[in-house]
Each structure stands twice: as structure tokens, then as C-alpha cells.
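S.K.: Once you've had a glance at the structure underneath, I'll fire off some questions.
The values are calculated or read from the model by the stated rules, or taken from the named source; none is laboratory data. As the structure is a computational prediction, the values presented were derived from the model and not from experiment. Note: ideal-geometry Cβ built from the backbone for every residue, glycine included; neighbour counts use all protein chains shown.
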Amino acid sequence: MFAKHRAYVLAKKKRPKAQVTINPTGNIHIDVKDEKKALDGDFEDLSFQKNGKVTILVCQKHSKQKQHCWRIELSDEDAKELTRLINEAEDEFEILMRDL
């Protein structure tokens, strides 16, 4: 059970680069180097929204008042890969917990 790391170019005009870490314990960390931003979120707070040629990854806390945390724009291909990696991380964690 290891964290997975990927580098993506965000779908914005300036094309900033983002280092993404997917942690099997249920969270994601995104470091947008060009904008000096560090974004964190739990898998349960993430959603993917298709918008034309891009997919927007949204982190929104699901408390009593839905609080918008952050959003980034990814290419459709990168969003599909990230979705797959998150699903794999959730499966790995579930297997680990079952084996304990």
C-alpha cells in the first residue's frame, strides 16, 4: 500500500503543472508549483464534472453546509487516469482493512 504520484498539466491558459499524490488512506494532495498552491482533500469530498473539453475536479466538504474548498481543471484523459488511481487506492485500502 503505497502512495501514487503523478504529474499533470492543468487545463488553464497558463498551463500550470501539478504534482498529485494519491494516498490509499483516502486523501489526495495536489501541489500546483507555478501558482504556489497546495490543495488537500478526502476522496469522499471529491467529484468530477465534465465541462466541454475539460473535466473539473472539485473538492467540496459534505458537512451540514456544503463548503467549496477548491477546484482544478484537468484534461479528460488525465481525469480518467486520476479516477482510476483513486478507485485503485480505495480498493487497496479495503483489502488491507479486511486482511487485518
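S.K.: Checking His29 against (1) touching a Ser or Thr at 6+ places or on another chain (Cβ under 7 Å); (2) in a helix (DSSP H, G or I), which single condition isn't satisfied?
M.R.: Of the numbered conditions (1) touching a Ser or Thr at 6+ places or on another chain (Cβ under 7 Å); (2) in a helix (DSSP H, G or I), the odd one out for His29 is (2).
S.K.: So Ser63 passes all but one of these: (1) of a type in the set (Ser, Thr, Tyr); (2) within 20 Å of Asn23 (Cβ to Cβ); (3) modelled with pLDDT under 95. Which condition number does it fail?
M.R.: Unmet for Ser63, out of (1) of a type in the set (Ser, Thr, Tyr); (2) within 20 Å of Asn23 (Cβ to Cβ); (3) modelled with pLDDT under 95: (2).
S.K.: Still on this structure: Given the conditions (1) at pLDDT below 95; (2) in a strand (DSSP E or B), and given that Ile22 satisfies all but one, which numbered condition is not satisfied?
M.R.: (1)
S.K.: Specify the residue that is surrounded by the most Cβ atoms within 10 Å (Cβ to Cβ); the eligible residues are those in the stretch 1-12 that are of a type outside the set (Lys, Arg) and over 23 Å from Asn51 (Cα atoms).
M.R.: Looking at the filtered set, the residue picked out is Ala3.
S.K.: With touching an Asp or Glu at 6+ places or on another chain (Cβ under 8 Å), closer than 15 Å to Thr83 by Cβ and basic (Lys, Arg) as the only criterion, which of Lys12, Lys17, Lys50 stands out?
M.R.: After ruling out the rest, the residue left standing is Lys50.
S.K.: Could you say whether any residue in the stretch 37-47 is touching a residue at least 40 places away in the same chain (Cβ under 8 Å), at negative phi and of a type in the set (Gly, Ala, Ser)?
M.R.: no
S.K.: Additional query: Go through (1) exposed (fewer than 15 other Cβ atoms within 10 Å of the Cβ); (2) part of a helix (DSSP H, G or I) and name the single condition Arg15 misses.
M.R.: Going through (1) exposed (fewer than 15 other Cβ atoms within 10 Å of the Cβ); (2) part of a helix (DSSP H, G or I) one by one, Arg15 breaks only (2).
S.K.: Quick one: which residue in Lys37, Lys12 is more than 28 Å from Ile95 (Cβ to Cβ), in contact with a Phe, Trp or Tyr (Cβ under 9 Å, 6 or more places away or on another chain) and at pLDDT below 95?
M.R.: That would be Lys37, the only listed residue that is more than 28 Å from Ile95 (Cβ to Cβ), in contact with a Phe, Trp or Tyr (Cβ under 9 Å, 6 or more places away or on another chain) and at pLDDT below 95.
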